[in-house]
Amino acid sequence: MEERIKKELVLQALNIRKNSYSPYSGFCVGAALLTEGGRIYTAVNMENASYPAGICAEAAAFAKAISEGERSFSAIAIAGGKEGEECFPCGICRQIMAEHCRGDLTVIIIRSPEDYRELKLEQLLPFGFRLEK
């Protein structure tokens with residue numbers, strides 16, 4: 001993946017994070033999901049007073065893209081917490097990624113605009129559950 005595309009994903013995830021609805025935890029998360037066709041879908045986490053009813057930014061980005069007909073993804077950037085902190089996707093979001101992507105999906109964990117790490121989905125979920133289709 002080109003460096004300029006990575007930077008764009010990082011900046012979009014950081015920028016959208018400010019729209020997070022997280023009045024209970026104060027833990028704001030933004031995600032930027034890149035399709036194989038080059039389109040970027042952004043989303044934030046959305047908390048709810050009934051805690052299990054909250055929605056993660058990563059899941060929201062996938063729902064947004066899939067609802068627009070997208071089916072092939074190459075990368076997702078995730079910005080959460082305060083600058084310098086890392087925010088890894090929860091187990092449910094890792095499973096959502098596994099359902100809709102190959103193990104080589106690039107997952108960018110953002111600490112700051114200049115400091116981020118790249119992992120592959122298979123590193124985050126080495127034994128992900130899959131039903132045969």
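The values are calculated or read from the model by the stated rules, or taken from the named source; none is laboratory data. Predicted, not measured: the structure shown is a model, and the values here were computed from it. A quick note on method: Cβ atoms are made from the backbone with ideal geometry, for glycine too, and the neighbour counts reach across all protein chains shown. The protein model used for the area step is the full one, side chains on, heavy atoms only, and it has no ligands, DNA or RNA in it. Shrake-Rupley method; radii C 1.70, N 1.55, O 1.52, S 1.80 Å.
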Report the residue count in the stretch 26-69 for those that are under 16 Å from Phe88 (Cβ atoms) and either assigned to a loop (DSSP other than H, G, I, E, B) or open to solvent by 70 Å² or more (accessible area, probe 1.4 Å) (or both). 4
Of the residues in the stretch 87-103 that are in a helix (DSSP H, G or I) and of a type in the set (Gly, Ala, Ser), the one that is farthest from Glu122 (Cα to Cα) is Gly91
Single residue of the stretch 70-81 satisfying the filter (closer than 14 Å to Ile40 by Cβ and not in a loop (DSSP other than H, G, I, E, B)) that is most open to solvent (accessible area, probe 1.4 Å): Ser74
Can you say whether Gly84 is surrounded by 14 or more Cβ atoms within 10 Å (Cβ to Cβ), touching a residue at least 24 places away in the same chain (Cβ under 8 Å) and not in a helix (DSSP H, G or I), as far as the supplied structure shows? no
Restricting attention to the stretch 59-96, report how many residues are among the hydroxyl-bearing types (Ser, Thr, Tyr) and in contact with a Pro (Cβ under 7 Å, 6 or more places away or on another chain). 0
